[in-house]
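A short write-up of the structure that comes next.
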Amino acid sequence: MVVGSMKSAMALAFTGLLVASVPAWSAELDVNELIQASERASYYAGDDGRSDARMMIVDAQGRKQLRQFTILRKDVADNGDQKMMVFFTRPADVRDTVFRVEKHAAVSEDDDRWLYLPALDLVKRISAGDKRTSFVGSHFFYEDVSGRAVSEDTFTLQEETDSRYVLKAEPKNPDSVEFSYYVVEIDKTTKIPMLINFYKANGENYRRVEAVEVETIEGFPTVTRSKVSDLASGGYTLMEFRNMDYNLGLEDDIFSERSLRTPPMQWLK
């Protein structure tokens, strides 16, 4: 679950990034209800949303790269289908690149993802097999930005602290991912995933996703700073979100293929 909320870019970001209010939990925790609430917290606040994002990529040698972009998101239904557009503005080599997502709730239907490359005037479809590869050279994956569907994993409660629920998640289709399992810590108050550690079959913790800062914006607790770390190499990517707004009334045609070449400038300023 990652970008952002963008929202985990993005993961978090990209996505995933936002929260709806939920009732207090009973003594008998319903794990399925918890992960559904956590998914809403990460990716479904309001009916739609907009944010500016800045991504700092730091490699193992300490070299840095900057990415800046604007994220537009519209929900079809909470915990359901969703549309997202990511418009890059900096640096020059990625300016006008656009990432488009049509997220599908059905387990049997893969999300649709496209990347528009302006230098080639090419729309590249991102296959399901590439969803856990680097997003524009960062440590975020494409799936982090648009969000990993909770229906793809089996969750079990491992621990409960004063402030967090700790769950272990195992993929239902192990051949489709590079991890054996991950452990996610969910804040009890906001239901935002605060920390996710990914493990290989040998138990190696090789990857980490963190919600570094959370603020309440327009009534929604929101991840405003997130981090993805490659624990094997020492590289990491920080993503910060600014100018966030919700319930803007974004129209469906903003999220069409036409916007790849003709962006909706009124929402990008």
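Nothing in this text is a laboratory measurement; each read-out follows from the coordinates by a stated rule. Because the structure is a prediction, the values reported are computed rather than measured. Don't worry about glycine lacking a Cβ; one is built from the backbone with ideal geometry, like all the others, and counts go over all protein chains shown.
Taking 30 Å as the straight-line reach from the Cα of residue 269, the lysines in range (excluding those fewer than 8 positions away in the same chain) are 7, 64, 74, 83, 103, 124, 131, 227. Here the stretch 135-269 is treated with +1 on each Lys and Arg Cβ and -1 on each Asp and Glu Cβ, and its dipole about the Cα centre works out to around 240 debye.
What is the calculated FRET efficiency for residue 30 to residue 121, with r their C-beta to C-beta distance and R₀ = 35 Å, to the nearest 0.05?
Details: r = 49 Å, r/R0 = 1.41.
That gives a FRET efficiency of 0.10.
The distance from the alpha carbon centre of the stretch 30-49 to that of the stretch 219-269 is 17 Å, rounded to a whole number. In a fully extended conformation the segment linking residue 258 and residue 170 would gain 27.9 nm over its present Cα-Cα distance, using 0.36 nm per residue. A full extension of the chain between residue 247 and residue 102 corresponds to an added length of 50.3 nm, given 0.36 nm per residue minus the alpha carbon distance. A dipole drawn for the stretch 172-269 from +1 and -1 charges on Cβ atoms has a positive end, and of 234, 182, 263 the residue lying farthest that way is 234.
Could you give the size of the charge dipole of the chain about its Cα centre, using +1 on the Cβ of each K and R and -1 on the Cβ of each D and E, expressed in debye and rounded to the nearest 20? Walk me through the numbers before you get to the answer.
Details: 34 positive and 44 negative charges, 230 e Å.
Dipole about the Cα centre, nearest 20: 1100 debye.
Overall, the stretch 199-246 carries a charge dipole of about 260 debye about its Cα centre when +1 sits on the Cβ of Lys and Arg and -1 on the Cβ of Asp and Glu, all other atoms neutral.
A simple spin-label model places pseudo-atoms 7 Å from Cα toward Cβ; at residue 128 and residue 114 they are separated by 2.0 nm.
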